[in-house]
1. Once both labels are modelled 7 Å past Cα along the beta-carbon direction, what's the Ile60-Asn31 spacing in nm?
2. Provide the net charge surrounding Lys7, with neighbours chosen by a C-beta distance below 12 Å and charges set as Lys +1, Arg +1, Asp -1, Glu -1.
3. If packing is taken as the average number of other Cβ atoms within 10 Å across a peptide's residues, how do 125-134, 39-48 rank, most packed first?
4. Which of the pairs Lys7/Lys110; Lys7/Lys119; Lys38/Lys110; Lys37/Lys119 have their Cα atoms more than 28 Å apart in this structure?
5. Would you please give the FRET efficiency between Leu140 and Asn42, computed as 1/(1 + (r/R0)^6) with r the Cβ-Cβ distance and R0 = 30 Å, to the nearest 0.05?
6. Taking 0.36 nm per residue of sequence separation and subtracting the Cα-Cα distance, how much length would be gained by fully extending the chain between Asn133 and Asn68, in nm to one decimal?
Amino acid sequence: ISLNSIKNPNTHNFSRGRRDAFKITTDVIQNIIYLNKKYNANKNINISSLIMPSNLDELIPLAEFTHNNGIGICFQLMDNGVSFYYENSNYNLGTEFNKIIYEKNEETIKTIDNLKALKEKGYLIYNSENQLNDFKNIILDTLNKIKSASNTKYPETEKKEYPFFAKEGFNYSSAVTE
């Protein structure tokens, strides 16, 4: 089940492109938890969540929610939009990925480190430690690649578009391996 927030329904709704996505998703989760308890069904629930600029403050509470309810969770680092489709044409995933790289890199890395610490405590986080480290490396390698390519300081955070990622079809994984 995809769930990108637990505290703020609007974050999940926006990321899913539906006004009622959070309610539908959380109702399904609650019903499965209830039915598991009532019938001793022992059906697994697994959550998948994106690591994106708008939900960084949601990820630890989401991991705690899943832990407290015996639910597993897997995180995925938001990419620049090549693998995602959004009906909301005003939502530019390339710009959102840029926020992870330029504006929220330290916060994202700290959040990933906190998720690793929860995993070490026994939280059912399906990502391996190597995968969580790879998420951090994608951010750091991309920053280093941009810095060496431009040999200038990073764009101001007020800037809405960053030319390095603005070109259509840009794939960050190829940028860090070129």
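Bear in mind these aren't lab numbers, they're just calculated from the coordinates by the rules spelled out. Since we're looking at a predicted model, the values are computed, not measured. Please note: Cβ atoms are built from the backbone with ideal geometry, for glycine as well, and neighbour counts cover all protein chains shown.
1. Spacing of the two 7 Å Cα→Cβ label points: 3.4 nm.
2. -3
3. 125-134, 39-48
4. With Cα atoms farther than 28 Å apart: Lys38/Lys110.
5. 0.15
6. Using 0.36 nm per residue and subtracting the Cα-Cα distance, I get 20.9 nm.
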